[in-house]
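Participant: Let me give you the structure first, and then I'll get to my questions.
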Amino acid sequence: MRIFNPSFGMAAAGPAKVTLQPVNWATDAIALISNSKPNARELLEGVRAMLGAHRPIDNIHFHAKNSASQPAPKELIEKVAKNYKAALLALGD
């Protein structure tokens, strides 16, 4: 998988290629990631509530960057890639 950050360019290509599988939005784990600006968490809470009308929400979890002005830490990216099938990001203000 290649991760693109428009403010810093392309991540270095890794030695292994990842085969992407389709997301089952009704059951797969989803990460909701806030950029830590005002109202981003509230927006994601609304998204989670709306998803809850159509699916269980026990495997939909909130995450946040440390600062809106910084890229997501490597640890957060790795955690999301390892534990979630999809990620939704919110930019607040």
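The values are calculated or read from the model by the stated rules, or taken from the named source; none is laboratory data. All of these numbers come straight from a predicted model, not from anything done at the bench. Reconstructed Cβ throughout: ideal geometry from the backbone, glycine too, with neighbour counts over all protein chains shown. Calculation scope for accessible area: heavy atoms of the full protein, side chains included, ligands and nucleic acids excluded. Shrake-Rupley method; radii C 1.70, N 1.55, O 1.52, S 1.80 Å.
Participant: Hey, among 57, 30, which residue is modelled with pLDDT of 95 or more, among the aliphatic types (A, V, I, L, M) and surrounded by fewer than 16 Cβ atoms within 10 Å (Cβ to Cβ)?
Facilitator: On inspection, the qualifying residue turns out to be 57.
Participant: Still on this model: Residue 46 - would you say it is open to solvent by less than 40 Å² (accessible area, probe 1.4 Å), over 20 Å from residue 22 (Cβ atoms) and in a loop (DSSP other than H, G, I, E, B)?
Facilitator: So residue 46 fails the test.
Participant: Out of 64, 90, which single residue is modelled with pLDDT under 90 and farther than 23 Å from residue 21 by Cβ?
Facilitator: 90
Participant: For residue 69, all conditions in the list (1) at pLDDT below 90; (2) closer than 12 Å to residue 87 by Cα; (3) not basic (Lys, Arg) hold save one; what is the number of the exception?
Facilitator: (2)
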